[in-house]
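> Take this structure first; my questions come after.
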Amino acid sequence: MLRTLQIVDNKLVESSAQTANIFVYVSPDDAERKYLVESLKIDEHTLSSTLDPDEPSRLEFEPEHIAMIFKRPRHYGPHDEFLFKALSVCLFLFNDRLVIIPADDIPIFDGKIFNKVNSFLDLSLKLIFRAILHFVEHLRGINRISNELEQQVNIAMENTYLLNMFTLEKSLVYYLNAIHSNAVLISKMKTYSPKIGFTQDNLEFLDDMSIENSQCLAQTEIFSQVLSSMMDARASIISNNLNIRIKALTILTIAIMLPTLIVSIFSMNVQIPFKHDEPLSFWLICILACMSSVITGLLWWRKKW
């Protein structure tokens, strides 16, 4: 799917293919990939890397363009079941056009930072910065979900909530790798800023990006460490809850077994008390059976079992 835009009065506006200078190819098909490789001289390996979610962020210089691959969060849906992943977005910066290739149909121009766009380089930096802010938003959501799951784990015996927490921990590992990969890209962009052609405003914005990404990386590391360290404690809580339930069921079984034992003894075909018919024998046996259960309950309460 192709989307065409252009910069008019420092704003992004939809445009026709003839006048557009910003082209967004969402998961390009074979015909579009052929055009990108043959007409725009885009490296086929770099193009394939764009569609690979495991591809790290990087910066490459080609004879006719500059390629920037960065990571951003994938759109989260109910079917993901607490698994947050990152995907790759590639920017091909030419002198007269900017080609953007996201691996998924996601809103990439959302946010106030796109209200004013001065150039292709400015737009490229803002796209990377928006990806960093998107990671921060997802981290807040992961933290809220984690807190809710922790409350459920404290009172649950089944493994469902614990497995969900394992999935969140896995998501944080994905995010940690993606954010660190973006940090490497930002560092390379600073190193090669003269070759890229950044203005002074671009360099200041790049410094802000570096600070924001470092804070995002530190926050992800903290969340990952806290969640990882709490997993063993949560597993112990589930095991302890299960032991408490088993103990209660065991005592209840003993309380039921003792009356059954007493009644069974007096039902035997041997010489025992109340062998001959006596008017109170039935009630005496019932009282003995009930007393055994009461004594068991009192011992349970006295010993604080």
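> Could you run the Karplus curve 6.51 cos²θ - 1.76 cosθ + 1.60 with θ = phi - 60° over the range 32-44 and give me ³J(HN,Hα) per residue in whole Hz, x for Gly and Pro?
Taking θ as phi minus 60°, the curve returns 5, 5, 5, 5, 5, 6, 7, 8, 9, 6, 7, 4, 5 Hz for the range 32-44.
> For the charge dipole of the chain, defined by +1 on Lys and Arg C-beta atoms and -1 on Asp and Glu C-beta atoms about the Cα centroid, which residue among Leu258, Ser124, Cys90 has the Cα displaced farthest towards the positive pole?
Leu258
> Of the options Leu139, Ser39, Tyr175, report the single residue whose Cα projects farthest towards the positive end of the charge dipole of the range 2-241 (beta-carbon charges: Lys, Arg +1; Asp, Glu -1).
Leu139
> Now, a different point. Where does helix 281-303 land angle-wise versus the long Cα axis of the chain, in degrees 0 to 90, nearest 10?
The helix 281-303 is inclined about 40 degrees to the chain.
> Can you tell me the 0 to 90 degree angle between the C-alpha axis of helix 160-191 and the longest principal axis of the chain, rounded to 10?
20
> Another question, if that's okay. Of Gln152, Ile106, Ile186, which is farthest on the positive side of the dipole of the chain, counting Cα position, with +1 on Lys and Arg Cβ, -1 on Asp and Glu Cβ, and the Cα centre as origin?
Farthest along the dipole direction, towards plus: Gln152.
> Go ahead and estimate [θ] at 222 nm for the chain from helices alone: -39,500 (n - 2.57) per DSSP H run with n ≥ 4, summed, over the residue count, rounded to 500.
Values: 7 runs with 178 residues, N = 305.
It comes out at -20500 deg cm²/dmol, rounded to the nearest 500.
> How high is the relative contact order of the chain, in percent, with contacts defined as C-alpha pairs under 8 Å that are six or more residues apart? Please report the intermediate quantities before stating the final value.
Numbers: 369 pairs, mean separation 46.7, N = 305.
The normalised contact order for the chain reaches 15 percent.
> Among [x] 0.99; [y] 1.02; [z] 1.38, find the value of Rg/Rh (Cα atoms, Kirkwood Rh) that was calculated from the structure presented, and write down its label.
Among [x] 0.99; [y] 1.02; [z] 1.38, the one derived from this structure is [z].
> Which entries in the list Lys11/Lys195; Lys34/Lys170; Lys34/Lys190; Lys170/Lys190; Lys170/Lys247; Lys34/Lys116 go over 29 Å, if you measure between the two C-alpha atoms of each? Could the numbers behind the result be given before it?
Working: Lys11/Lys195 26 Å; Lys34/Lys170 36 Å; Lys34/Lys190 32 Å; Lys170/Lys190 31 Å; Lys170/Lys247 35 Å; Lys34/Lys116 33 Å.
Long pairs (Cα-Cα over 29 Å): Lys34/Lys170; Lys34/Lys190; Lys170/Lys190; Lys170/Lys247; Lys34/Lys116.
> Looking only at Pro102, Pro259, Pro28, which one moves most when the chain is put into a Gaussian network model with springs between Cα atoms under 10 Å?
Pro259
FYI, it's all coordinate maths here, none of it is from the lab. Keep in mind that what you see is a predicted model, and the values were worked out from it rather than measured. So basically every Cβ, Gly included, is an ideal-geometry build from the backbone, and we count neighbours across all protein chains shown.
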